[in-house]
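Asker: After the structure tokens below, expect a handful of questions from me.
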Amino acid sequence: MRLSSTGRLSLYARAGANALGFLGRRTYPPAIIWVLTQRCFYRCVHCDSWKDERPIDGDALLAIAEKIAAAPTKMVALSGGEPFMVKRLPAIVATLKRAKKIVSINTNGHLLDEHARWLVAERVDHVQISIDGHTAALHDGIRGARGSLERILRGIDVVKAARVGGPPRISVCTVLMKENAAHLAELVDRFTTIADAVEIQPLHDSLGLLATAGAAAFAPEDRSLVEEQLATVMARHPAFANDYYRGFSRFLFEPDSMPHHAVDHCLPMIFNTLTIREDGACRICRYPLGASIHDRSIADVWNSPARWALYRRLARDGCGQPCWIRCHTHPSARPGTILRKLVATLG
Ligand SMILES: C[S@@+](CC[C@H](N)C(=O)[O-])C[C@H]1O[C@@H](n2cnc3c(N)ncnc32)[C@H](O)[C@@H]1O
Ligand code: SF4
Ligand code: SF4
């Protein structure tokens, strides 16, 4: 997410303090990605979250929110499944905002309209909405939800009318998959005029991170179409002309070449971000730390030897099943390369 300059400064300060972990100091995660639930009422072809039917324990989630609020963590990204299925979401967000966290919410946008007012009142910093097609027919088909795009656009209008120049920032996130590849440029053209930003991530089928329910796999002959569409997007929208988007083709069509390259891009993010899963399990991206937030403090989980062991392993061997996700990936590999060398030397 793009941050205000104060938010960015404050996050960088915490990320800098986190580097004191190299010297054996106890630190806190500057950022947390929190998957509140895997449950969802959509049936997206590219996602299998919706197969999860475990009940949502709102009180347990609120207790985690209080733990996070008490920690010096600066940024909290709420994701799912669908976060708006959590009835206590307003209370969770209020707890985090009272503690002055930067809060973002990833949503399918279906319920945005009815939640817009409290999102604006709580000054939620960022709402990221998924849109996967340039037309309602394509988007609704991929998302397995008739009327979805129309509802999302209504919700965006309501948030924009209510926020009067303040937060939340609204971004659209698209997954590039075979089903929409031919229309990627049209999608970006359309939604850059509606949202504050559009972001894309490639389809993943990766254990413990993002798994598809039935999206068609790309074939080698799709490569030229994908590259053509990305080139058009970059030519029309210079914000996309960076290494992250240039890396899509390699990620989708030459995954075996990624293990070290991906780590160079993701290391600054995973060095600073704890993931809390819907059952309380703590991870660094997909990798379990063997601890639950229900019975350990955030500091204990974060300062565990398992985290440093993971960084050392990644710095040495690369990542066996790499991802290429917006929030994990920095536009340049340089900070990650430096960090990898540092971890290899000091870690
Ligand atoms: C898992 S969803 C959770 C939040 C919300 N339900 C939504 O759809 O935005 C977060 C993001 O991951 C994307 N996603 C889901 N499955 C994916 C996959 N297999 N590969 C890449 N992205 C995926 C979604 O489209 C969405 O943009
Ligand atoms: S991508 Fe989001 S909306 Fe679609 S099924 Fe997965 S969690 Fe639900
Ligand atoms: S590439 Fe990085 S963020 Fe992605 S799964 Fe591997 S270690 Fe995690």
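Asker: Quickly run through region 57-83 and pick out the residues that are under 15 Å from P30 (Cβ atoms) and outside any helix (DSSP H, G or I).
Answerer: Of everything in region 57-83, those that are under 15 Å from P30 (Cβ atoms) and outside any helix (DSSP H, G or I) turn out to be A71, P72, T73, K74, M75, V76, A77.
Asker: Using beta carbons and a limit of 9 Å, which pairs, at least six apart or on different chains, have the first residue in region 296-314 and among the polar types (S, T, N, Q) and the second one crowded, with 16+ Cβ neighbours inside 10 Å and not in a helix (DSSP H, G or I)?
Answerer: So the pair list comes out as S297/A71; N303/T27; N303/Y28; S304/C282; S304/L289; S304/A291; S304/R296.
Asker: Confirm whether I92 is closer than 20 Å to H46 by Cα, among the aliphatic types (A, V, I, L, M) and out of contact with any Cys (no Cβ under 6 Å at 6 or more places or on another chain). I'd like the intermediate steps shown before the answer.
Answerer: Numbers: closer than 20 Å to H46 by Cα: no; among the aliphatic types (A, V, I, L, M): yes; out of contact with any Cys (no Cβ under 6 Å at 6 or more places or on another chain): yes.
So I92 does not fit the description; no.
Asker: For the structure I just gave you, tell me whether N303 is more than 16 Å from ligand 1 (Cβ to nearest atom), of a type outside the set (F, W, Y) and touching a Lys or Arg at 6+ places or on another chain (Cβ under 6 Å).
Answerer: Numbers: more than 16 Å from ligand 1 (Cβ to nearest atom): yes; of a type outside the set (F, W, Y): yes; touching a Lys or Arg at 6+ places or on another chain (Cβ under 6 Å): yes.
Judged against the criteria, N303 is a match.
Asker: Does region 204-218 contain at least one residue that is without any contact (Cβ under 8 Å) to a residue 24 or more places away in the chain and either within 16 Å of ligand 1 (Cβ to nearest atom) or closer than 24 Å to L149 by Cα (or both)? Before you say what the answer is, go through the steps one by one.
Answerer: Step one: list which residues in region 204-218 are without any contact (Cβ under 8 Å) to a residue 24 or more places away in the chain, which gives 205.
Right, trim to either within 16 Å of ligand 1 (Cβ to nearest atom) or closer than 24 Å to L149 by Cα (or both) and you get 205.
Yes: region 204-218 contains one or more residues that are without any contact (Cβ under 8 Å) to a residue 24 or more places away in the chain and either within 16 Å of ligand 1 (Cβ to nearest atom) or closer than 24 Å to L149 by Cα (or both).
Asker: Oh, and also: Given the criteria of a type in the set (S, T, Y), within 16 Å of ligand 3 (Cβ to nearest atom) and either modelled with pLDDT under 95 or farther than 30 Å from D57 by Cβ (or both), does S249 qualify?
Answerer: Working: of a type in the set (S, T, Y): yes; within 16 Å of ligand 3 (Cβ to nearest atom): no; either modelled with pLDDT under 95 or farther than 30 Å from D57 by Cβ (or both): yes.
No.
Asker: Tell me, please, whether a residue that is over 30 Å from A216 (Cα atoms), among the polar types (S, T, N, Q) and within 21 Å of the chain's Cα centre (by Cα) can be found in region 11-19.
Answerer: Residues of region 11-19 over 30 Å from A216 (Cα atoms): 11-19.
If we keep only those that are among the polar types (S, T, N, Q) too, we end up with 18.
The next check asks that each one be within 21 Å of the chain's Cα centre (by Cα); those that pass are 18.
Yes: region 11-19 contains one or more residues that are over 30 Å from A216 (Cα atoms), among the polar types (S, T, N, Q) and within 21 Å of the chain's Cα centre (by Cα).
Asker: Still on this structure: Among the residues of region 1-48, how many are assigned to a loop (DSSP other than H, G, I, E, B) and closer than 23 Å to C173 by Cβ? So that I can check it myself, show each step before the final result.
Answerer: From region 1-48, those assigned to a loop (DSSP other than H, G, I, E, B) are 1-4, 24-30, 36-48; that's our starting set.
Now restrict to residues that are closer than 23 Å to C173 by Cβ: 1-4, 29-30, 36-48.
Total satisfying the criteria: 19.
Asker: Scan region 266-298 residue by residue and report those that are within 16 Å of ligand 1 (Cβ to nearest atom) and more than 25 Å from A63 (Cα to Cα).
Answerer: Those that are within 16 Å of ligand 1 (Cβ to nearest atom) and more than 25 Å from A63 (Cα to Cα): C266, M269.
Asker: Just need a number here: residues in region 138-172 that are surrounded by 18 or more Cβ atoms within 10 Å (Cβ to Cβ) and farther than 19 Å from H110 by Cα.
Answerer: Qualifying residue count for the region: 1.
Asker: Considering region 144-154 alone, what residues qualify as being outside any helix (DSSP H, G or I) and either within 11 Å of ligand 2 (Cβ to nearest atom) or touching a Ser or Thr at 6+ places or on another chain (Cβ under 7 Å) (or both)?
Answerer: Of region 144-154, the ones outside any helix (DSSP H, G or I) are 144-147.
The answer is G144, A145.
Asker: Still on this structure, please answer the following. Out of the residues in region 278-319 meeting the condition of being touching a Gly at 6+ places or on another chain (Cβ under 9 Å) and assigned to a loop (DSSP other than H, G, I, E, B), tell me which one is farthest from L20 (Cα to Cα).
Answerer: In this case the residue turns out to be E278.
Asker: Consider E254 carefully, then state whether it is among the acidic types (D, E) and within 16 Å of ligand 1 (Cβ to nearest atom). Quick ask: steps written out before the conclusion?
Answerer: Working: among the acidic types (D, E): yes; within 16 Å of ligand 1 (Cβ to nearest atom): no.
Considered against the rule, which asks whether it is among the acidic types (D, E) and within 16 Å of ligand 1 (Cβ to nearest atom), E254 comes out as no.
Asker: With modelled with pLDDT of 95 or more and under 21 Å from N106 (Cα atoms) as the only criterion, which of V226, V175 stands out? First the steps, then the outcome.
Answerer: Working: V226 fails: under 21 Å from N106 (Cα atoms).
Only one candidate passes the filter, namely V175.
Asker: Taking the condition of being buried (at least 20 other Cβ atoms within 10 Å of the Cβ) and touching a residue at least 60 places away in the same chain (Cβ under 8 Å), how many residues in region 178-190 meet it?
Answerer: 0
The values are calculated or read from the model by the stated rules, or taken from the named source; none is laboratory data. Since the model is a prediction, treat every value here as computed from it, not as a measurement. So basically every Cβ, Gly included, is an ideal-geometry build from the backbone, and we count neighbours across all protein chains shown.
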